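Just below is one structure, and these are the notes that go with it.
Every read-out reported here was derived from the displayed coordinates using simple, explicitly stated rules and does not represent laboratory data. Bear in mind the structure is a predicted one, so any value in this text is a computation, not a measurement. Using ideal geometry, Cβ is built from the backbone for each residue, glycine included, and neighbour counts are taken over all protein chains shown.
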Amino acid sequence: MAGVWIIAEQRDGDFRKITFEAASAAKKVADEVGGEVTALVLGSGMGDKCAELGKYGVAKVLCVDDASLADYTTDAYANAAAALIKDGAPDVVLLGASMQGKDLGGRLAAKLDTGIAVDCTALAVTDGKLVATRPMYAGKVYADVVVNGSPQIASLRPNVFDVVEVGGEAAVEAASVDLGEIKAAVVDKLVAEEGKIDLTEANIIVSGGRGVKEAENFDIIEELAGKLGAAVGASRSAVDAGWRPHTDQVGQTGKVVTPNLYVACGISGAIQHLAGMGSSKVIVAINKDADAPIHSKADFCVVGDLFDVVPELSKEVDK
Ligand SMILES: Cc1cc2nc3c(=O)[nH]c(=O)nc-3n(C[C@H](O)[C@H](O)[C@H](O)COP(=O)(O)OP(=O)(O)OC[C@H]3O[C@@H](n4cnc5c(N)ncnc54)[C@H](O)[C@@H]3O)c2cc1C
């Protein structure tokens, strides 16, 4: 293998956690096949931060510094990444299956005329080929897939791959590339409330569904989440009812999350909801219906009224 590349993800000049996860996963792949890990950093003013990627196993960073790359746009990022990947000819390219990575990965694969395994939850190497495990049919089955074509591209589900620190600094090389025609520009950013934990990066999520009954009742969900240092999520029913913003929606048409702990309150566990949170490490279901499908997915089932159980849990956390 010629090497494993990752496409780093930054927002407002800071690397996102998925970058460290992808670097650690890439190091494992590279260790098995003998190549080095190279990170592609696209942004503006990122130069000083690049060396720190060495901590996660990156040997070399190619840093493209351009004001047009400060914010993500599909054209600029796909053009830059495709040109550098064609030049460097790595065998494997990994990126996050984040909002940005989902947008970039497909475009990149098309530009490079290769395939992509998206939203992968495990990686292995067999006979020198990357074998990626990914959910299909809303998480009903997990398939092992091999990408035909070169490079083999895979996007990694956030929060699934461990961040492993191996120490050291990466060698940083400035790279320049023609960004081509950029057809879109960022004109405004709607920034989430200060201090709000990003659902896709949260270690703990407390989610509410139709069982919460009205927007104001989410106060008890917020309270428990606040005490646990958790993000608040919601089912589509709660979002469609206007009780929560769409950015809180977990599921097939919302966000895919993989926290260490997912507490589902008044959520039935429809397949479309499970598709978004089914790979959480520990699932707690609070539902008054003992036959609700969420209980068959949960590690801990509380059959009871959430209006009794959730405040009690908050009190227990206080203790
Ligand atoms: C194409 C498509 C995409 C979809 N995408 C998504 C998606 O991304 N995310 C998503 O969530 N859904 C999605 N859905 C909708 C999904 O099918 C379900 O309708 C939805 O998840 C149900 O939400 P819910 O569990 O909150 O509500 P319900 O199914 O109505 O369940 C409410 C639950 O609350 C319990 N309950 C009621 N009162 C209490 C109480 N006091 N205490 C404890 N428990 C109580 C009930 O027993 C029940 O189990 C999608 C559907 C389609 C067709």
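Below is a table of values for the structure above.
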item: Equivalent ellipsoid, the chain (semi-axes from 5 times Cα gyration tensor eigenvalues, Å); result: 37, 21, 18
item: Packing-based order for 155-165, 233-243, using average beta carbon neighbours within 10 Å, highest first; result: 233-243, 155-165
item: Using alpha-carbon coordinates, inclination of helix 306-318 to the longest axis of the chain, degrees; result: 70
item: All aspartates and glutamates inside 16 Å of Lys227 as judged from Cα atoms, apart from same-chain residues fewer than 8 positions distant; result: Asp219, Glu312, Glu316, Asp318
item: Anchor Lys17: lysines whose Cα lies under 19 Å away (excluding residues fewer than 8 positions away in-chain); result: Lys27, Lys28, Lys49, Lys55, Lys60, Lys102, Lys196, Lys255, Lys281
item: With Cα atoms, 0 to 90° folded angle of helix 17-33 axis to the chain main axis; result: 60
item: Nearby aspartates and glutamates by direct alpha-carbon distance to Lys183 (threshold 20 angstrom, same-chain neighbours under 8 apart not counted); result: Asp65, Asp66, Asp71, Asp75, Asp103
item: Net dipole in debye of segment 199-318 [+1 Lys, Arg Cβ; -1 Asp, Glu Cβ; about Cα centre; nearest 20]; result: 440
item: For segment 274-302 and segment 16-40, distance of Cα centres in Å; result: 33
item: Assigned charges on the beta-carbon of Lys, Arg, Asp, Glu; segment 4-174 dipole about Cα centre (debye); result: 540
item: Compactness relative to 2.2 N^0.38 Å, alpha carbon Rg of segment 4-174; result: 0.94
item: Charge tally in the Cβ shell below 11 Å around Val166, where Lys, Arg are +1 and Asp, Glu are -1, Val166 excluded; result: +1
